[in-house]
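The values are calculated or read from the model by the stated rules, or taken from the named source; none is laboratory data. It should be emphasised that the depicted structure is a prediction, and the values quoted were computed from it without experimental measurement. Every residue, glycine as well, gets a Cβ built from its backbone with ideal geometry; the counts of neighbours run over all protein chains shown. The area values use the complete protein model at the heavy-atom level, side chains included, leaving out ligands, DNA and RNA. Shrake-Rupley method; radii C 1.70, N 1.55, O 1.52, S 1.80 Å.
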Amino acid sequence: MRNATTKQRLRYWFDNLMSKGTTSLLLLLGVITATVAVVGGLAAVALGGPEGTGADSVGGSIWFTLMHALNTGVLAKEEGTVPYLIVMTLVTLVGIFITSFLIGTISNAIKEKIANLQEGRSTVIEEGHVVIIGFDENIINILEELALANENQRDAVVVVMAEHDKTDMEDVIRDRVSDLRGMRVICRSGRPDSPKSLDKCSLDTCKSIIVNLEDDFMTVKTILACRSLLEEQGNRDAYMTAVIRDRDVVHPAFIAGGEVAEVLNFQKTIARLMVQSASHPGMSDILSELLSFKGNEIYVQSVQGSAGLSLGEVNLHLPSSTVIGMVRDGEPLLNPDASEVIQAGDELILIAHDDDRATLQAVAAIPDEGRFQLKPDVRDVPQRLLVLGYSDMLKQILLEVAAHGAPGSQVTIAVEPGRAEDVSLPDEGELGSIVVDVRECKIQKRRVLEGLVAEEPTAILLLADPELSDEEADSRTLMLQLQLNDIADAIGSDVPLIVEMNSTRNQQLAQMMRATDFVVSGRITAKMMVQVAEERHKKAILNDLLSDGGSSIFMKPITRYVQVDHDVDFYTLGASAARYGEIAIGYKRFDKDGAFQVCVNPRSKAAISFGPYDDLIVVAPE
């Protein structure tokens with residue numbers, strides 16, 4: 001490389017100095033101002049100083065010259081020799097330049113600081129807060145659930161960090177969340193997998209982290225980054241809750257999180273919910289209530305006086321709660337035998353209303369065994385499901401039909417032309433006797449929908465398209481729902497319609513039309529995440545309640561348990577369910593107009609009437 005000239009070196013030095021920011025600029029201005037004051041002051045002394053000012057000392061002259069540089073109005077009153085006035089004029093001109101440059105520098109610095117604050121780049125100084133990483137449609141549901149969970153806490157704080165503009169995030173939250181119940185929400189901008197960005201959220205003092213990202217691979221990277229920071233900063237109490245959508249990524253996420261992460265996979269839960277809703281509408285309402293911090297929810301607590309009693313006996317002493325299991329030696333035991341005796345130190349897993357406390361009372365009623373249905377005539381009827389659209393959840397839906405559907409059930413899958421190759425089917429051995437028919441057709445066209453409905457399906461599942469944005473997918477779903485409603489009205493059909501929505505806001509629009517049940521996957525996912533983020537021990541309970549191999553929530557015909565020609569109380573329903581190794585937690589009743597009401601953990605367990613089409617809600621073995 002050729003040797004640089006002095007001019008190039010000076011320019012290079014000046015560029016480097018300017019690039020260092022406001023502090024370097026202010027330092028340079030200070031040096032220039034001091035140099036001008038000293039040189040001008042010495043020149044003034046050499047030229048005799050101003051007449052009548054008495055500035056005959058070097059210090060006084062330098063001070064007087066500095067005032068010229070900082071205050072241009074001084075020059076108008078100046079008197080002296082012509083050379084002296086020329087020097088002061090030059091000092092004043094340089095002062096004008098310095099003052100203008102100083103004002104501009106300070107102004108830019110203030111603007112830059114305000115911009116940084118608006119962009120959310122400052123470090124959060126909070127303790128015991130919840131950190132949410134990611135910002136999408138689901139954030140509204142998460143914040144609403146956290147607000148409910150923390151409404152009894154003083155100064156609850158949530159920090160939201162995402163690759164979005166801070167002001168935009170605050171505007172969305174302000175517009176979409178109706179009531180934060182005193183909870184403060186602080187937004188920060190940054191990359192989810194960047195330790196530098198995450199450090200702004202003060203992970204060293206947070207109580208939990210919710211990773212709410214759509215990309216599973218980014219979720220794994222973020223888990224790694226958070227785990228590294230938590231270990232480095234010594235926060236041993238905080239833990240992460242994350243959702244993985246692709247089941248193949250669940251295990252890598254477990255490895256990445258180690259002991260400080262709880263990884264959830266909602267796909268199986270949503271698939272099961274849709275399949276169960278097809279035969280027993282109302283399942284989404286049950287799950288939404290149990291996973292919410294409002295109304296009836298799942299609690300783990302010690303109940304004084306329960307030791308020595310069996311599970312069945314305890315439920316007879318609890319007028320407003322329902323025991324569904326116990327925690328023994330730190331391990332949840334869901335739906336044990338009704339004769340299982342509660343030991344000292346056991347905690348009860350129960351469903352209770354949020355403002356009720358479980359306390360044992362005198363036995364409220366004795367079950368009327370005379371109302372038991374001793375010869376239930378309940379047969380599983382094969383289903384004929386019509387699935388409109390495709391999503392990654394489709395394979396899991398078919399597995400759920402195969403596992404819980406009656407032999408001979410059929411599933412017709414209608415997808416847009418060119419999408420059939422995307423449909424991933426389970427192996428024939430996994431499907432059992434379930435018949436699957438995949439068709440390519442323009443499902444948006446009315447005549448196509450009429451032909452599919454004419455085949456008399458027992459239920460229609462309307463899936464949200466994962467390749468579209470949440471808003472676009474919901475708009476497509478609404479258009480299909482409008483068509484199906486009109487077709488059903490035209491032919492007098494009342495086939496159950498199960499609609500998957502991404503947004504609760506769009507669900508409110510959809511509820512204006514006929515639909516038997518709504519499954520808002522984002523809302524269910526948000527509730528599960530917040531439950532675990534607030535109480536880590538609930539992960540094991542939810543795993544048992546919502547996965548294979550344990551006990552799950554089902555709706556089964558009321559005629560399987562009791563005779564419906566007389567009123568029966570809830571204690572009798574519970575005792576009858578116990579004969580099958582099940583725990584009754586609620587019921588679904590139809591009114592005269594055909595609408596149904598779902599009641600979980602009824603506050604009044606007095607005798608009521610049931611019809612032959614009503615259902616009992618139970619926790620039962622798979």
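Values computed for the structure shown
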quantity	calculated
Flag for Arg181 being open to solvent by 10 Å² or more (accessible area, probe 1.4 Å), charged (D, E, K, R), touching a helix residue (DSSP H, G or I) at 6+ places or on another chain (Cβ under 7 Å) and over 26 Å from His353 (Cα atoms)	no
Failed item, numbered, when Asp465 is tested on (1) over 20 Å from Ser521 (Cα atoms); (2) outside any helix (DSSP H, G or I); (3) touching a residue at least 40 places away in the same chain (Cβ under 8 Å); (4) open to solvent by less than 70 Å² (accessible area, probe 1.4 Å)	(1)
Any hit, region 79-87, residues being open to solvent by 50 Å² or more (accessible area, probe 1.4 Å), at pLDDT below 70 and among the aliphatic types (A, V, I, L, M)	no
Matching helices (runs of 4 or more DSSP H) fully within region 1-74 where at least 2 residues are open to solvent by less than 70 Å² (accessible area, probe 1.4 Å) and modelled with pLDDT of 70 or more	22-46, 58-70
Qualifying residue in region 444-456 (condition: over 22 Å from Arg272 (Cβ atoms), open to solvent by 60 Å² or more (accessible area, probe 1.4 Å) and touching a residue at least 60 places away in the same chain (Cβ under 8 Å))	yes
Selection from region 516-553 of residues that are open to solvent by 30 Å² or more (accessible area, probe 1.4 Å) and not aliphatic (A, V, I, L, M)	Thr516, Arg523, Glu534, Glu535, Arg536, His537, Asn543, Asp544, Ser547, Asp548, Gly549
Residue check, Ser475 among the polar types (S, T, N, Q), open to solvent by less than 70 Å² (accessible area, probe 1.4 Å) and in a loop (DSSP other than H, G, I, E, B)	no
Per-region count, region 500-509, residues open to solvent by less than 60 Å² (accessible area, probe 1.4 Å) and either at pLDDT 85 or above or among the charged types (D, E, K, R) (or both)	1
Test: residue in region 358-369 that is surrounded by 19 or more Cβ atoms within 10 Å (Cβ to Cβ), at pLDDT below 90, in a loop (DSSP other than H, G, I, E, B) and not β-branched (Val, Ile, Thr)	yes
Hits in region 445-470 - residues which are at pLDDT below 85 and farther than 17 Å from Val415 by Cβ	Ser469, Asp470
Checklist (1) surrounded by fewer than 18 Cβ atoms within 10 Å (Cβ to Cβ); (2) under 30 Å from Ser202 (Cα atoms); (3) of a type in the set (Asp, Glu) applied to Glu262, failing item	(1)
Any chance Ala578 is more than 30 Å from Asn141 (Cα to Cα) and either open to solvent by less than 10 Å² (accessible area, probe 1.4 Å) or among the aliphatic types (A, V, I, L, M) (or both)	yes
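Listed here are the residues, each with its yes/no results for (1) among the aromatic types (Phe, Trp, Tyr); (2) in contact with a Leu (Cβ under 9 Å, 6 or more places away or on another chain).
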| site | (1), (2) |
| --- | --- |
| Asp237 | no, no |
| Val243 | no, yes |
| Asp246 | no, no |
| Phe254 | yes, no |
